[in-house]
1. Pairwise over distinct Cα atoms, reciprocal of the mean inverse distance: report the Kirkwood radius of the stretch 206-270 in Å, one decimal place.
2. Could you work out which residue, out of R58, R116, R20, moves most in a Gaussian network model of the chain, that is, has the largest mean-square fluctuation with Cα springs under 10 Å?
3. Considering only protein heavy atoms, what is the solvent-accessible area of E239 at a probe of 1.4 Å, reported in Å² to the nearest 10?
4. If ligands, DNA and RNA are left out, what is the accessible area of M238 with a 1.4 Å probe, given in Å² to the nearest 10?
5. Compute the helix-to-body angle for 207-221: its Cα long axis versus the longest principal axis of the chain, expressed 0 to 90° and rounded to tens.
6. Please work out whether the stretch 14-88 counts as rounded, prolate or oblate from its C-alpha gyration tensor, where a ≥ b ≥ c are the square roots of the eigenvalues and a/c under 1.5 means rounded, while otherwise a/b larger than b/c means prolate and anything else oblate?
7. Enumerate the amide H contacts of V90 below 5 Å, restricted to partners 5 or more residues apart or on another chain; note that Pro and chain-start residues carry no placed amide H.
8. What's the FRET efficiency of N28 with K78 using the Cβ-Cβ distance as r and R₀ = 22 Å, to the nearest 0.05?
Amino acid sequence: MNDNKTNINWYPGHMAKTKRLIIDEIKNIDIVYEVIDARIPYSSKIKDIDNIIKNKQRILIMTKKDLCDINMTNKWVKYYEEKGYNVILVDLKENKDYKKIIDLTHQITKNIQTKRQEKGLNNKEIRALVIGIPNVGKSTLINKITGKKTVNVENRPGVTKNLNYLKTDVGITLLDTPGILWPKLDEEKVALNIAATGGIKQEILNMDEISSYILNFLATYYPEILKEKYNINSSDIMEMYEIIGKNIGAFKNNEILYDKVSLKVYNDLVGEKIKGVTLDIWQ
Ligand code: G4P
């Protein structure tokens, strides 16, 4: 059953191909970096990731720690840890935070190196697959770990041209996911959460829908942010539009310029002017 009542309709045709490529390559991978956004720890997770990565070791990397509501996100961290995942919460805009990932990778893959040492072999480069939906910080993470050097693509026979292995100086080779993977598309809230945090191209979004969603959400769960940011005490959507419209001058002949207000609210959240919000509420 499809419960998706939003106008967000962006299921890409090449997803199946991407999945197939990863499934074919997964045998060569030592560890998976599953990257999700700390503001949407449920919505940004790829739906059938476990079928793709099978029983590979994984680090669940929650990016954008600096933007989330840490108390709410920590409930999700606990939930995933209880499921047995290694979870790391990072701010990739901070200089050194990503190093936690490198340390944990070596810790988790220690058994691989120990076995090699027992056979008199040198340590191997650990192969890490970076996987996640758009906009969660995969490229930022890769740039951090590779030190933003020119990407060095490993030529390995048998590896399809679509897979890029990127060398680093830290004993880890990164495999960037080719193409795009999507989360739980059939849930309306998931689509709205991803849209509200900038994961879907703006051109295909209905701004009024996304903005009303953001304002209603803030009124319900973060009224103090509404008050601080827009001086709003109300939870009435029309009143909220009116107040913001007046504040930003998007008000003409007693008419609210809805489009402008919607764009302002969307840009405030996506442009990191609204912080401390986690859109997946732990119930
Ligand atoms: P992707 O490859 O998964 O699609 O994501 P990408 O690295 O392009 O990151 C998407 C946006 O998220 C980028 O912002 C990036 O800077 C930002 N970002 C990634 N990690 C963090 C984090 O931990 N904290 C914060 N605050 N932002 C993060 P952008 O506006 O698209 O580009 P720019 O700011 O780098 O110019």
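The values are calculated or read from the model by the stated rules, or taken from the named source; none is laboratory data. Note that the coordinates shown come from a computational prediction; the quantities given were computed from them, not determined experimentally. For neighbour counting, all protein chains shown are included, and Cβ atoms are generated from backbone atoms with ideal geometry for every residue, glycine included. Surface areas here come from the heavy atoms of the whole protein model, side chains and all, with no ligands, DNA or RNA. Shrake-Rupley method; radii C 1.70, N 1.55, O 1.52, S 1.80 Å.
1. Numbers: mean 1/r = 0.0872 Å⁻¹.
11.5 Å is the Kirkwood radius here.
2. Residue with maximal mean-square fluctuation among R58, R116, R20: R116.
3. Here the accessible area works out near 90 Å².
4. 90
5. 90
6. Details: a/c = 2.52, a/b = 1.81, b/c = 1.39.
Prolate, because a/c is 1.5 or more and a/b exceeds b/c.
7. Long-range HN contacts for V90: M62, T63, K64, K65.
8. Values: r = 32 Å, r/R0 = 1.48.
Efficiency, rounded to the nearest 0.05: 0.10.
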